[in-house]
1. What ranking of F45, F38 emerges when the number of other C-beta atoms within 10 Å of each C-beta is taken as an exposure proxy, fewest first?
2. Over the Cα atoms of the range 16-98, compute the convex hull volume and normalise it per residue, giving Å³.
3. Give me D85, D29, D24 ranked fewest to most by other Cβ atoms within 10 Å of their Cβ, as a rough exposure proxy.
4. Note down the nm distance, to one decimal, between modelled labels 7 Å out along Cα→Cβ at D29 and at H51.
5. Along the principal axes of its C-alpha atoms, what lengths does the range 42-90 span, in descending order and rounded to whole Å?
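What follows draws every value from the coordinates through simple rules; no lab data is involved. As the structure is a computational prediction, the values presented were derived from the model and not from experiment. For neighbour counting, all protein chains shown are included, and Cβ atoms are generated from backbone atoms with ideal geometry for every residue, glycine included.
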Amino acid sequence: MRYIAVLFLALILSGCASSGRKIDQSSVDQIEQGVTTFEQMTNTFGPPLSHSYNGDGKLVASWMYFYVGPFGIGQEQQILSVQFDDNKVVEKYTMTQGNPGFGRFGR
């Protein structure tokens, strides 16, 4: 029983973590400024993980995906940020993705 507990603890400590849903680039390529609606965005990407209103009172919604591999190795992030006009139609958007750092132990 002791060995099972140690194995279970080791698996927990070395596990991966992710947040959000991976953003498919082919879906991003289908976003059309002046055409795609907020409803279409939520149908494609799910509900945004955050939203706010900018200084002009326009809705800005963000879809995000973060992944951290075992021991912090293999990090990945994707952020799709979309500004909508008053009719909730895409006005402009940005997609950023990359590996925010290298895995490391300690500081």
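1. Values: F45 21, F38 18.
Ranked by crowding around the Cβ, least crowded first: F38, F45.
2. It comes to 90 Å³ per residue, whole-number rounded.
3. Exposure proxy ranking, most exposed first: D29, D24, D85.
4. 2.8 nm
5. Its Cα atoms span 44, 25, 12 Å along the three principal axes.
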